[in-house]
Amino acid sequence: MPTQTPFTDKQGKQLSSDELFQKIVNRLSAIHLELVTGFLWWFVGKIPSHVFRKFCYQASGMTIGKKSYIHMMARIFDPRNIQIGEGTIIGEKTTLDGRKQLPNSNGGLIIGNHVDIASDVMIWTSEHDINDPSMLPIEQKVVIEDYVFIGPRAIILPGVTIGRGSVVAAGAVVSKDVPAMKIVGGVPASIIGERKLESLNYKLGRPRLFQ
């Protein structure tokens, strides 16, 4: 049976030896992840080479398909739980959140094929539960399906699925699922139109060199 220790958590609850050990493990894991994140943000993200950055992202655990690129100065949280398909282009200063650290977490980020994500877009899979007395975090997976276009400075919140071929207008805040082929905009985002294409089979252009 675990023995109680003189240590308490931030809520003042006394911790057992097993709980204390788990907290130490979690803290060390968090510090390691912060070091990886800082390396990717402040060093890798500033190198003007798609080949070098892609190599480092993949070495950190991210899955990136053929002919997919992430432009400079991306802010990446936990690359191990980020999957990017083929032919996808992600703009500069984009936030990609792959956090999946909580017990029974449903976090992580999946981005499909031929997705076009503009600059300064923020995609979040983790947020605080404002109704929890301790403001505990919630992690919910975000899925962006094939042929989606997300305009500059849009924000995608946790738990959202953006359907195949849909468009998110610049500056929109997406807090609920977007049906396939719909155009959404505003805060919070709502449907403002629909794409008229009968089929989707295009390929995006090349990424900007040295960016």
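Coordinate-derived values only; no laboratory data. Because the structure is predicted, anything quoted here is derived from the model rather than measured. No Cβ is skipped: glycine too gets one built from the backbone with ideal geometry, and neighbour counts run over all protein chains shown.
Given the options 25, 166, 36, identify the residue whose Cα lies farthest towards the positive end of the charge dipole of the stretch 15-194 (+1 on Cβ of Lys, Arg; -1 on Cβ of Asp, Glu). Projecting each Cα onto the dipole axis, the largest value belongs to 36.
Please compute the net charge surrounding residue 63, taking Lys and Arg as +1 and Asp and Glu as -1 over other residues with Cβ under 12 Å from its Cβ.
Local charge sum for residue 63: +2.
Remark: for residue pairs 100/196; 141/203; 46/176; 182/203, the C-alpha separation exceeds 30 Å in 100/196; 46/176. Could you tell me how far the Cα centroid of the stretch 135-211 sits from the Cα centroid of the stretch 39-79, in Å? First find each Cα centre; the distance between them is then 21 Å. If you add up the charges near residue 183, with Lys and Arg at +1 and Asp and Glu at -1, over every other residue whose beta carbon is less than 13 angstrom from its beta carbon, what do you get? Here the charged neighbours net out to +2. Computed about its Cα centre, the charge dipole of the chain is approximately 720 debye, with only Lys, Arg, Asp and Glu carrying charge at their Cβ. From the P(r) of the stretch 64-211, could you give the percentage of C-alpha pairs in the tail past 28 Å? So the portion of pairs separated by more than 28 Å is 15 percent.
Going highest first, how would you order 145-157, 189-201, 98-110 by mean Cβ packing within 10 Å? Display every interim value, and only then the final one.
Values: 145-157: 20.9, 189-201: 11.9, 98-110: 17.2.
Top of the packing list down: 145-157, 98-110, 189-201.
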